[in-house]
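Each remark here refers to the structure printed beneath this line.
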Amino acid sequence: MRALFVTSPVLSHIFPTVPVAHALRAAGHEVRYAAGDALEAVTEAGLHAVDVTPGLDYEKVWVPDGTEDPMYVQDAGVEFLAELFGRVSGAEAGGVLEAARSYRPDLIVHSAAQGAGALAASALGIPCVELPLGPADSDPRLAGLLREAMKGDYERHGVTGAPRRTVRLSTVPQRLSHLLPGGERPEHEWAMRYVPYNGGGVLPAWLARPAGRPRIAVTLGSIGAQWGGITVLAPLIAAAGEVDAEFVLTLGGGDVELLGELPGNVRAVEWVPLGPLLETCSGIVHHGGSGTLLTALTLGVPQCVIPEGGYQQANADVLVGSGAGFAVDADKLGAGECRRLLEDGELRAAAGVMREELRRTMPSPASLVPRLEELAA
């Protein structure tokens, strides 16, 4: 079987697909990616990729002149998502379609917001698999809204049909599905366990040995800390010295000097693999990104989220509903919230319950390979 993975051109949309790609490769199938940016995430995972938009400046695609940065739109619902990613998907549709016709896959796997994947599957008359990143893009209305937003792209490429069959994967347990945007879940949705992946690397010595005292991770993901965004963490960093814990702040491209002098118990690093870091942590403070949320849930780590926009709020709603974490405004985040992460027994118990539930009830990507083979047959 040949599987073509079509993802939106950002790290956080590529990473969740890699465990599925690795599972297919391990079972003897062929895998190729078609994407327009962040291709190093694919190649560093030992996989092959085609650049579908060589030389394209994505900054103007994401944020055209006169528009607001989508990262900070407060009321970003599914309609906004479809408009934004429909524009990005449209820029990639021609290259994706060319890559698909050349590769001749039996199956297309695409991130839920990447409409070019469904377009190519429709053109080739093959099945496709939608992979939401997490709660924020799991609204079942998104696929239809994306197609409508890409109406001109379908017409331009002469595509009128639909994929032979569509399956959605969900990494959120059924008992929490009522908290997801969009209401009732579709019948063609398959459960799949989230497998944390955000690249490999050599672990620093301090991470490879046990922490001397409780450790709290602090991150804004791969985008949020840039362009001055890291300043939202200033109240937390100012209060960190009052807490008997070690804080590990991942900068993600942010300027640490904007936070002033760091307390002695704050360790700032540019990047570290989130999974190994959280295995040593008693809590995490983060922006509410899907990958960070699901990694912490998978590892049973209590969470405090400081959602800044509509996407992150949808994730925060699921977290709070699970009991494994809480949300707070960034300017109100201080020593008390950090101590709650370390000392709240109910919070820690709920995080442990979520970890065991995910392991027990959600099938692994590897266990889904036979079903994907049947889908492609």
statement: Nearest 10, in degrees from 0 to 90: the angle of helix 310-322 to the longest Cα principal axis of the chain is 70
message: Show me the GluC sites (Glu not before Pro) within region 4-62 that DSSP assigns to loop and that have at most 10 other Cβ atoms within 10 Å of their Cβ.
response: none
query: With every protein chain left in place, what is the accessible area of His48 in Å² (1.4 Å probe, nearest 10)?
result: 120
message: Can you tell me the mean projection area, over all orientations, of the convex hull of region 286-377's alpha carbons? Units nm², please.
response: 7.0
task: Sort Trp62, Trp190 from largest to smallest accessible area, using a 1.4 Å probe on the heavy atoms of the protein chains.
output: Trp62, Trp190
field: Ala27-Val63 FRET efficiency (beta carbon distance; Förster radius 45 Å; 0.05 resolution)
entry: 0.65
task: For n ≥ 4 DSSP H runs only, could you compute -39500 (n - 2.57) per run for the chain, divide by its residues and tell me the 222 nm figure to the nearest 500?
output: -11000 deg cm²/dmol
message: Could you report the accessible area of Lys60 in Å², rounded to 10, computed with a 1.4 Å probe on the protein chains as they sit in the structure?
response: 110
field: Accessible area of Tyr197 in the full protein assembly, 1.4 Å probe (Å², nearest 10)
entry: 50
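Could you please tell me the mean projected area of the C-alpha convex hull for the chain, averaged over all directions and given in square nanometres to one decimal? Each step should come with its number before you reach the end.
Working: hull surface 71.7 nm².
It is 17.9 nm².
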query: Considering only DSSP beta bridges with both partners in the chain, what is the antiparallel share in %, to the nearest 5?
result: 0
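The values are calculated or read from the model by the stated rules, or taken from the named source; none is laboratory data. All values derive from a computational prediction rather than experimental measurement. Every residue, glycine among them, receives a Cβ derived from its backbone with ideal geometry; neighbour counts consider all protein chains shown. SASA here: full protein model, heavy atoms, side chains in, ligands and nucleic acids out. Shrake-Rupley method; radii C 1.70, N 1.55, O 1.52, S 1.80 Å.
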